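Have a look at the structure below, then the notes.
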Amino acid sequence: MGRHGGGSRSGGSRGSSGGGSRGGSSVRSSRTPFRGCYNRSYYDRHGKYHSYYTSSRSFGTTSGWNASTVFILVFVTIHMFIMISGFSSNFIHFGKKISGDADRIYIVDQADALTADEEEQVLALLQEVYEKSGMPVTVYTDDFEWRDHYANIEVYSEELYYSIGMEEDAMILLYTTDNNEDYYDFEYDFYCGDDTVRCLSDASFDKLIDNFHKGMSGLHLYDAIDYSFRSVMDELAVFSIYWPGAPAVLMLLAFYSIFYISILKNVRKKNTAYRYFKEHPEELSSEPMVLYSTCPSCGAPNSEQSEVCPYCNGLLKISDGKTKFVKPN
C-alpha cells in the first residue's frame, strides 16, 4: 500500500477503549520481619550487612541466574530491538536513488490550472527531481466531477495511479479544482508507490505535502509545485535524520533500562545471598519466623503485627528455626 498525502480548500478557507487490573507478586520481602517470613539477612563481599526478610524459602539457596531469568532478559532484549527499530525508521532514513521510468514524467492538465510556460517549467523541475531521486512524478489536474464516482480523492488518485500504468517507484500529484467567481475550491492528493520510501523519507513526504498547501495560499498551482518540491530537493536519496523523533528512542531506551537494572540488581542480590549462605549454612533458617498474636507478658493483642508490645514494650518476635531471633521477655 502506497502513501497518501493531501488537503483541500473550500469557500476561501483551509480544510483538511481500555481497561486493566492491578496485580502483585505472591512473594513478599522487607527489611523488617513480618509474620511468616524467613530471615535471609546476609553480608556482602565488602562486609556490609543487608537486613532482608522474605516469604520465599528458596532465597539464599539458589543462584540468581536460572532459566526464567535468562528467558526474561532475552525476551526484553528482543522486544527492545523490535521497538527501537520501529521508532528509528521514523527519524532515520537511509536514502537511496531508485530507477523509475522517466516516461512517467508528464502533465495532464484537464482543469487548465497551468499555462504553457508554467507546464514547461514544471516539467523541468520534475526532471531535476528525477535526476536526484530516480522517482518520476506525474501531475494530473481535473475538475470536481470525480466526486460523482468516488468516495474520496484518495480512492480516485490510487485508481488513477495504476490505471495509467504507474509502478511502485513513481508519484502522482492529483489536483482537482472548481473555479468560481466568488470563491476558489481545490482538493489534491499525492500518491506514491511503496518503493519511493527509499528515496523520499516519510518526514520529507510530510514536508512536501505541508509546503504544497502553504504554496497554495496564493491559489496558484505552479507556485505550490515549485515551492514544495524545491523544499525537499536536498533531502532526496540521501541519508537523513529527523531529530525531533530522536527523543522518542531515548525515552524508549530509558524505559527498557529500568527493566535491565531491576532484573540485574535482583540477580546480584540473589547471588550475593547464595554465596554467603553457602559459606554460612548454619545461618540459613529452615522455618519461617512468627510474631506473637498476643503479648506473652500482658496479653494485649498484636493487631498491627508489631515487634514490640505497645502497652508493656515487651518483644513479640520469636523464631521457629535455628536463626537466633530476639526472644520475648
State which entries of Lys96/Lys132; Lys48/Lys269; Lys96/Lys214 exceed 18 angstrom in Cα-Cα distance in the structure shown.
Lys96/Lys214
Just add up the charged neighbours of Arg45: K/R +1, D/E -1, any other residue whose Cβ is under 15 Å from the Cβ of Arg45.
+4
What distance in nm separates the simple spin-label points at Arg57 and Asn313, each placed 7 Å from Cα in the Cβ direction?
3.8 nm
Protection proxy ranking of 188-199, 274-285, 214-225 - average other beta-carbon atoms within 10 Å, highest first:
188-199, 214-225, 274-285
Using θ = phi - 60° and the Karplus curve 6.51 cos²θ - 1.76 cosθ + 1.60, what whole-Hz ³J(HN,Hα) does each residue of region 109-125 get, with Gly and Pro shown as x?
9, 6, 9, 6, 8, 10, 7, 4, 5, 5, 4, 5, 5, 5, 4, 5, 5
Can you pull the one-decimal nm distance between simple spin-label points at His50 and Glu131, each 7 Å off the Cα toward Cβ?
6.8 nm
What distance in nm separates the simple spin-label points at Asn66 and Leu252, each placed 7 Å from Cα in the Cβ direction?
3.2 nm
Per-q log10 I(q)/I(0), region 26-163, q = 0.13, 0.19, 0.21 Å⁻¹ (Debye; single scatterer per alpha-carbon; no solvent):
-0.86, -1.12, -1.23
Could you give the length gained by full extension between Glu168 and Ala151, i.e. 0.36 nm per residue of separation minus their alpha carbon distance, to one decimal place?
3.8 nm
In region 210-300, taking the dipole from +1 charges on Lys and Arg beta carbons and -1 charges on Asp and Glu beta carbons about the Cα centre, the listed residue (Phe255, Tyr227, Gly215) farthest towards the positive end is Phe255
Between Ser217 and Leu264, what FRET efficiency comes out of the Förster formula 1/(1 + (r/R0)^6) with R0 = 56 Å and r the beta carbon distance, rounded to 0.05?
0.50
Could you tell me the convex hull volume per residue, in Å³, taken over the Cα atoms of region 81-232?
128 Å³
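What percentage of all Cα-Cα pairs in region 155-239 are separated by more than 18 Å?
Value for region 155-239 (Cα pairs over 18 Å): 48 percent.
Only the coordinates and a few stated rules stand behind these numbers; no lab work does. Just so we're clear, the structure is a prediction, and the values are computed from it rather than from any experiment. Reconstructed Cβ throughout: ideal geometry from the backbone, glycine too, with neighbour counts over all protein chains shown.
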